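Here is the structure we will look at, set down as structure tokens.
The values are calculated or read from the model by the stated rules, or taken from the named source; none is laboratory data. Small disclaimer: the values here were computed from a predicted structure and weren't measured. Here the Cβ positions follow ideal geometry from the backbone for every residue, glycine too, while neighbour counts run over all protein chains shown. Calculation scope for accessible area: heavy atoms of the full protein, side chains included, ligands and nucleic acids excluded. Shrake-Rupley method; radii C 1.70, N 1.55, O 1.52, S 1.80 Å.
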Amino acid sequence: MARLTDVPVNVLNLERFAELLQPEAYARFSRAVDAASTLFEGRVIWNVNSTPKGGGVAEMLRSLLAYVRGAGVDARWIVVSGDDPFFALTKRIHNHLHGSPGDGGDLGAAERAVYEDTLAGNGEELAQRVERGDIVVLHDPQTAGLVPIAKDAGAHVVWRCHVGVDAPNDRVRGAWDFLQKDVAQADLLIFSRAQFIWDGLERARVAIIPPSIDAFSAKNQDIDARNITGILVRAGILADGDVDPEKRVFLREDGTPGRVDRSIEAFDDQPDPVPPGAKIVTQVSRWDRLKDPAGVMKGFTDHVAPATTAHLVVAGPSVAAVADDPEGLSVLQECHAAWKSLPADLKERVHLVCLPMEDGEENAAIVNALQRRADVVVQKSIAEGFGLTVAEAMWKARPVVASRTGGIQDQIEHGVSGHLLDDPANLKAYGAAVVSLLQDEDRAAAMGAAAKDRIRTGFLATRHLGQYIDLFGPLLD
């Protein structure tokens, strides 16, 4: 029988946001937090997803729930389990919701049986934990089938969809049909942007909440130049000689110091690390065809490398560590095959790296250092639900070149706080945008400064938490 897994949740003090927000904004936020501790007294807010690490949803939950606990609310996080056929199916649904064929498989009666049988085991245990009046927040397609089970247990049920597409095709609608009988029973439906809302849903029960980042997490906290260098050298991404242990430190979520000790996973035939002083272009994302890592490489080698001396770092998580993404290994292998076909001089300037996942905060610290060291951050996704890596890079005042798709276009103001690509398949335009920022450092710096301001005013956890409080109050009434 499938079993739920509890994910530990820390407690974070919300007073730290006083240094980031304007006084009036912080005062409003404090009043909302005080009201929340009374509103949710005696209730548990359960969050359910399909993985505790690897991906934006898990990362966002880790910080948000810690702040919810810091507000005096009992917030808990559990993860559903499943076998390979279940996760292959849910990855297919994910791809279909983006309009992509994925593995080319069907969403028929046999698939429905796999889906329901797996979630029935998880649901049986969920029903034993939930008490009447609790709130259950279910995240993404992997958990949608738990909506009726949580409802029967007497909970207020919220289903949150982090993926979607602006212009749905028949494949997208087929995924809607597969999930809709479960989703339609939720008390509240949350999407990341209005364009993602499905046809046929009761609009009175639909809300829009864009995702957010935690400015104080290991992935986004300020780190100085010597620690940036030290972390990347120890991880094996940057070549810069020996580095003392104190030059690769970061602050953990609980306030204790951490140190980067692990190195990246790389293929045996990969080039030496990036040389000191070289300009770096980077994309950090899952090994997912919709993130188009192969296209990022080809656009770089065809249109950026000939005009610059920059290096490209394409980074993603260790494929063995992300349980709900069965396609990761094959995508990584495709990228490696493409790299092997490059001329020798270009091979030396393209780096495929898998980041260690044994310690989630150590992984985050490496990503933080890599994004801060990058001269340009790219996110050339073919489709995107939101793209938290864009917000993360913008918070670090990096100039970002990203596709005009999904929630990315809600974050970036084209030409001001980043550069939006109208067609991610247009590799020449992608290359030209990157080259222009590499060659015009003043423009890149101005764009990065505007990007940080953009995230500060609209995409931090305080806004996110306030929206949850505003929505859940009427739900309980």
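Please find the FRET efficiency linking residue 358 to residue 336, where r is the Cβ-Cβ separation and R0 is fixed at 22 Å, and quote it to the nearest 0.05.
Working: r = 22 Å, r/R0 = 1.01.
The value I calculate is 0.50.
Would you please state which residues of segment 219-259 a label at residue 11 would reach in this model, taking the label point 7 Å out along Cα→Cβ and a backbone N cut-off of under 15 Å?
254-255
Keeping all protein chains in place, calculate the accessible area per residue for segment 201-313 (probe 1.4 angstrom), answer in Å². List each step's numbers first, then the result.
Values: 4800 Å² over 113 residues.
That works out to 42 Å² per residue.
Magnitude of the Cβ-charge dipole of segment 1-83, K/R +1 and D/E -1, about the Cα centre, nearest 20 debye? Write down the numbers at each step before the final one.
On the way: 9 positive and 9 negative charges, 25 e Å.
Around 120 debye, computed over segment 1-83.
Only helical DSSP H runs with n ≥ 4 go in: add -39500 (n - 2.57) per run for the chain, normalise by residue count and round the 222 nm mean residue ellipticity to 500 deg cm²/dmol. Please list the in-between numbers first.
Details: 16 runs with 195 residues, N = 477.
Taking each H run of at least 4 residues, the total per residue is -12500 deg cm²/dmol.
If we sort 293-304, 29-40 on the protection proxy, mean other Cβ atoms within 10 Å, highest first, what's the order?
Details: 293-304: 21.5, 29-40: 16.2.
Peptide ranking by packing, descending: 293-304, 29-40.
Specify which residue in the list 213, 304, 243 is farthest towards the positive end of the charge dipole of segment 199-339, using unit charges on the beta carbon of Lys, Arg (+1) and Asp, Glu (-1), about the Cα centre.
Final value for the positive-end residue is 213.
Once you wrap a convex hull around the alpha carbon atoms of segment 238-355, what is its projected area averaged over all directions, in nm²? Show your work: numbers first, answer last.
Values: hull surface 35.0 nm².
One quarter of the hull surface, i.e. the mean projection, equals 8.8 nm².
Around residue 308, what is the net charge, scoring Lys/Arg as +1 and Asp/Glu as -1 over all other residues with Cβ under 13 Å from its Cβ? Walk me through the numbers on the way to the answer.
Values: positive: 279, 349; negative: 302, 375, 440, 441.
Net charge around residue 308: -2.
Could you state the number of Å between the C-alpha centres of segment 370-423 and segment 112-174?
First find each Cα centre; the distance between them is then 30 Å.
How many Å² of accessible area per residue for segment 333-408, probe 1.4 Å? Write out the running numbers ahead of the final one.
Numbers: 1970 Å² over 76 residues.
Using a 1.4 Å probe on heavy atoms only, each residue of segment 333-408 averages 26 Å².
So, in nm, how far is label residue 170 from label residue 199 when the simple model puts each one 7 Å beyond its Cα toward the Cβ?
So the two model labels end up 1.3 nm from each other.
What is the magnitude of the charge dipole of the chain about its Cα centre, with +1 placed on the Cβ of each Lys and Arg, -1 on the Cβ of each Asp and Glu, and no other charges, expressed in debye to the nearest 20?
Numbers: 50 positive and 68 negative charges, 163 e Å.
With Lys and Arg at +1 and Asp and Glu at -1, about 780 debye.
Take residue 103 and residue 128, extend 7 Å from each Cα along the Cα→Cβ direction, and tell me the distance between the two endpoints in nm.
Using points 7 Å along Cα→Cβ, the separation is 3.0 nm.
Rounded to the nearest 20 debye, what is the charge dipole size of segment 313-416 about its Cα centre when +1 sits on each Lys and Arg Cβ and -1 on each Asp and Glu Cβ?
So the dipole magnitude of segment 313-416 works out to roughly 520 debye.
Quick one: angle between helix 109-129 and the longest Cα principal axis of the chain, in degrees between 0 and 90, rounded to 10, please.
Its long axis makes an angle of about 70 degrees.
Between their Cα atoms, which of 151/396; 91/247; 291/452; 428/452; 53/428; 53/247 are more than 30 Å away from each other?
On the way: 151/396 41 Å; 91/247 40 Å; 291/452 23 Å; 428/452 27 Å; 53/428 34 Å; 53/247 26 Å.
Too far apart for the 30 Å limit: 151/396; 91/247; 53/428.
In units of 2.2 N^0.38 Å, what is the alpha-carbon radius of gyration of segment 339-457? Please report the intermediate quantities before stating the final value.
On the way: Rg = 14.7 Å, N = 119, 2.2 N^0.38 = 13.5 Å.
Expressed relative to 2.2 N^0.38 Å, the Cα Rg reads 1.09.
Could you run the Karplus curve 6.51 cos²θ - 1.76 cosθ + 1.60 with θ = phi - 60° over segment 52-65 and give me ³J(HN,Hα) per residue in whole Hz, x for Gly and Pro?
Taking θ as phi minus 60°, the curve returns x, 7, x, x, x, 5, 4, 5, 5, 4, 4, 7, 4, 5 Hz for segment 52-65.
Would you please give the residues with an amide H less than 5 Å from that of residue 155, counting only those at least 5 places away or on a separate chain, with H modeled from the backbone geometry?
For residue 155, the qualifying residues are 133.
Please list the radius of gyration and Dmax for segment 1-128, considering alpha-carbon atoms only, with Å as the unit.
Just the Cα atoms of segment 1-128 yield Rg and Dmax of 18.8, 56 Å.
When the Karplus curve 6.51 cos²θ - 1.76 cosθ + 1.60 is applied with θ = phi - 60°, which whole-Hz ³J(HN,Hα) does each residue of segment 284-291 get, with x for Gly and Pro?
Computed from phi, the couplings for segment 284-291 are 10, 6, 4, 7, 9, 4, 6, 7 Hz.
Give me the net charge of residue 264's neighbourhood, meaning all other residues with Cβ under 12 Å from the Cβ of residue 264; Lys, Arg count +1, Asp, Glu -1.
Numbers: positive: 234, 262; negative: 265, 362.
Residues near residue 264 contribute 0 overall.
In degrees from 0 to 90, rounded to the nearest 10, what is the angle of the helix 461-476 Cα long axis to the longest principal axis of the chain?
With both axes taken from Cα atoms, the answer is about 10 degrees.
May I ask you to rank 329, 189 by accessible area, largest first, using a 1.4 Å probe over the protein chains only?
On the way: 329 90, 189 0 Å².
Result, largest first: 329, 189.
Taking the Cα centre of the chain as the origin and placing charges on Cβ (Lys, Arg +1; Asp, Glu -1), which of 356, 122, 196 is farthest toward the positive end of the dipole?
Farthest towards the positive end: 196.
Please report the orientation-averaged projected area of the chain, defined via the convex hull of its C-alpha atoms, in nm².
Details: hull surface 85.0 nm².
Computing the convex hull of the Cα atoms and averaging its projections yields 21.3 nm².
Among 441-448, 251-258, how do they line up by average Cβ neighbours within 10 Å per residue, starting with the highest?
Details: 441-448: 15.8, 251-258: 13.5.
By packing density, highest mean first, the sequence is 441-448, 251-258.
Helix 328-340 sits at what angle to the longest principal axis of the chain, using alpha carbons and giving 0 to 90 degrees rounded to 10?
10 degrees
I'd like the carbon and sulfur percentage of the solvent accessible area for the chain, probe radius 1.4 Å, heavy atoms only, ligands and nucleic acids excluded.
Values: 9110 of 18470 Å².
On the chain, the fraction of accessible area on carbon and sulfur atoms equals 49 percent.
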